[in-house]
Amino acid sequence: MKNGFIGSYANEQFPKNDGSIGHLYIPMISFCDIPLSRLQYIVYGNYAIGMSRVWGNDLPLCPVSYFPNNRRANLTRFITHCFDDFHSNNSLYAKILGYVKPVKKYKENGYAVGRRKDNYIEREWRKIYLKDWIEGPERYASFKKKHDTSLLNHFRARFLPSQVDMIIVASEVDRENLITIINSLQQIGGYANIGTKDRLHLISKITTIDEIKKNY
């Protein structure tokens, strides 16, 4: 709420020509376009900020395309060749991989343990950063040790209070606490000089997860 959205390195799965699964760690800020009527069936916790679509288009965010887990599907074969090209040349052409995702997570020991396997239901949109992609967990571990989180400071998306459509919290107690926080913040969404009108707008957008379940 104070600093805006901060990116992270997403560990993404891709099919390889040898039949195994490859991994790319891609810097991005990602969002889900989930209808409120479906929110109670999708577990992301009980807290969220809902942004306006105009804000997303201006960023700009791009929707993810989902490819079948069936390796014989034409799109999946194309994605496989893209991954091979990235491995060989790290070409700009292969950066299309930042905008695709398998319909379901591939089964791998230790990958996404305890998380939902269905990717398609997320209706994901992304802001991708084209530099500093990393292939494989070993290289990523070395990269992370060297850089810590310093690079992530460059992966930010600021927002104005007027661009917030909804703030979801777990309970009435959370609503009251958030109102206190909003009234005390000197900076919101990465911008300073926030006025009373901005604060009132944000407070009016707060709702609880129980209200969503009841009304949608």
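The values are calculated or read from the model by the stated rules, or taken from the named source; none is laboratory data. This one's a predicted model, so the numbers in the text were calculated from it and none came from an experiment. With ideal geometry, Cβ positions are generated from the backbone for all residues, glycine too; neighbour counts draw on all protein chains shown.
Would you please name the residue that is farthest from Asp165 (Cα to Cα), looking only at residues in segment 54-85 that are among the hydrophobic types (A, V, I, L, M, F, W, C) and not in a helix (DSSP H, G or I)? Residue satisfying both the conditions and the ranking: Ala73. Considering Glu108, Glu122, the condition of being over 15 Å from the mean Cα position of the chain (by Cα) and at pLDDT below 95 is satisfied by Glu108 alone. Of the residues making up segment 136-186, just one is basic (Lys, Arg) and farther than 26 Å from Tyr9 by Cα, namely Arg175. Taking the criterion of being surrounded by fewer than 12 Cβ atoms within 10 Å (Cβ to Cβ), among the charged types (D, E, K, R) and outside any helix (DSSP H, G or I), no residue of segment 182-215 qualifies.
Among the residues of segment 12-39, how many are within 18 Å of the chain's Cα centre (by Cα), of a type outside the set (A, V, I, L, M, F, W, C) and under 20 Å from Asp85 (Cβ atoms)? Of the residues in segment 12-39, 5 are within 18 Å of the chain's Cα centre (by Cα), of a type outside the set (A, V, I, L, M, F, W, C) and under 20 Å from Asp85 (Cβ atoms). Filtered by the rule that a residue be in contact with a strand residue (DSSP E or B) (Cβ under 7 Å, 6 or more places away or on another chain), closer than 25 Å to Tyr41 by Cβ and part of a loop (DSSP other than H, G, I, E, B), segment 112-132 gives Lys117, Asn119, Arg123. Does Leu160 qualify as being modelled with pLDDT under 95 and not acidic (Asp, Glu)? Judged against the criteria, Leu160 is not a match.
Assess whether Thr76 counts as being β-branched (Val, Ile, Thr) and over 19 Å from Tyr25 (Cβ atoms). For Thr76, the condition - β-branched (Val, Ile, Thr) and over 19 Å from Tyr25 (Cβ atoms) - is met. Among the conditions (1) out of contact with any Phe, Trp or Tyr (no Cβ under 9 Å at 6 or more places or on another chain); (2) in contact (Cβ under 8 Å) with a residue 24 or more places away in the chain; (3) under 30 Å from Ile206 (Cβ atoms), the only one that Lys131 does not satisfy is (3). Report yes if Tyr99 is within 30 Å of Ser162 (Cα to Cα) and either touching a Pro at 6+ places or on another chain (Cβ under 6 Å) or without any contact (Cβ under 8 Å) to a residue 12 or more places away in the chain (or both), otherwise no. When the stated conditions are applied, Tyr99 does not pass them. Which of the residues that make up segment 1-23 are modelled with pLDDT of 95 or more and either among the β-branched types (Val, Ile, Thr) or in contact with a Leu (Cβ under 6 Å, 6 or more places away or on another chain) (or both)? The answer is Glu12, Ile21.
The one condition from (1) loosely packed, with under 12 Cβ neighbours inside 10 Å; (2) assigned to a loop (DSSP other than H, G, I, E, B) that Ser88 does not meet is (2).
Say whether the condition of being more than 16 Å from Glu12 (Cα to Cα) and touching a residue at least 12 places away in the same chain (Cβ under 8 Å) is met by at least one residue in segment 116-128.
The answer is yes, given that some residue of segment 116-128 is more than 16 Å from Glu12 (Cα to Cα) and touching a residue at least 12 places away in the same chain (Cβ under 8 Å).
Residues in segment 160-181 that are part of a helix (DSSP H, G or I) and either surrounded by fewer than 16 Cβ atoms within 10 Å (Cβ to Cβ) or not charged (D, E, K, R) (or both): 11 in all.
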